[in-house]
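*Asks:* Below are the structure tokens for one structure; questions will follow.
Taken together, the values in this text are just the output of simple stated rules run on the coordinates, not laboratory data. Note that this is a predicted model, so its numbers are computed, not measured. Using ideal geometry, Cβ is built from the backbone for each residue, glycine included, and neighbour counts are taken over all protein chains shown.
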Amino acid sequence: MPLFDHFDFAAPFYDRAIPFSRLEKMLEVLDLPVSGTLLDAGGGTGRVAAALQTSIDRIFLADISTGMLAQARSKKLTALCSYTETLPFPPDSFERVLMVDALHHVIDQPATLRELWRVLKPGGRLVIEEPDIRTSIVKLLALAEKLALMRSHFISPPQIAALFPPAAKIKIETEGYNAWVIVQK
Ligand SMILES: C[S@@+](CC[C@H](N)C(=O)[O-])C[C@H]1O[C@@H](n2cnc3c(N)ncnc32)[C@H](O)[C@@H]1O
């Protein structure tokens, strides 16, 4: 773990700074409600997972920031300290897997996407929501995160899609500066 973690620092005010407001869109891209279990990988404070609780039976959240995990646990979410590159779950565990605004923060993007695909059940759906680096505003955001010495590395939605195996059925949706890579196993 790094000595200074930006997310540990931001955790106490993260939800107030970036409130979750796109529930309808999230339900649509995740194809919820459904019965089963959802993994929110890099799920942070659980601001998204908390809003999805009534749309699926069980939610696990995985993150590496102790500050963010503490916020998630205060919402009674099941929150595990785990790198998304090495998830502590058997293959084919989840009906739904979600990663919001976290792929550009992880250490190893190919390893993370391999893990998300591995733990997704056949017939399940995986959604990666990312700021779209092809837009000017996200290029500025990328620069700001570099200046803040964050470990960010943005890749475009087609580059994300290309990291999944050929068997993956993939759709990309965009709205403004947001992109969703929707993957069916
Ligand atoms: C911008 S926050 C987004 C949090 C949450 N998904 C949301 O939308 O509110 C990115 C999160 O990714 C987590 N993270 C970064 N690298 C990670 C890794 N390798 N494994 C697990 N979590 C990671 C950070 O700790 C942080 O909580």
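*Asks:* Grab the other residues whose beta carbon is less than 14 angstrom from that of Pro12, score K and R as +1, D and E as -1, and report the net.
*Replies:* Around Pro12, the surrounding residues sum to +1.
*Asks:* Now for a different question. Would you calculate a helix-derived [θ] at 222 nm for the chain, using -39,500 (n - 2.57) for each DSSP H run of n ≥ 4 and dividing by the full residue count, to the nearest 500?
*Replies:* -10000 deg cm²/dmol
*Asks:* Quick one: how many lysine pairs in the range 50-185 have C-alpha atoms under 29 angstrom apart, if they're 8 or more apart or on different chains?
*Replies:* 9
*Asks:* Sticking with this one: So what is Rg over Rh here for the range 73-185, counting just Cα atoms and using Kirkwood for Rh?
*Replies:* 0.98
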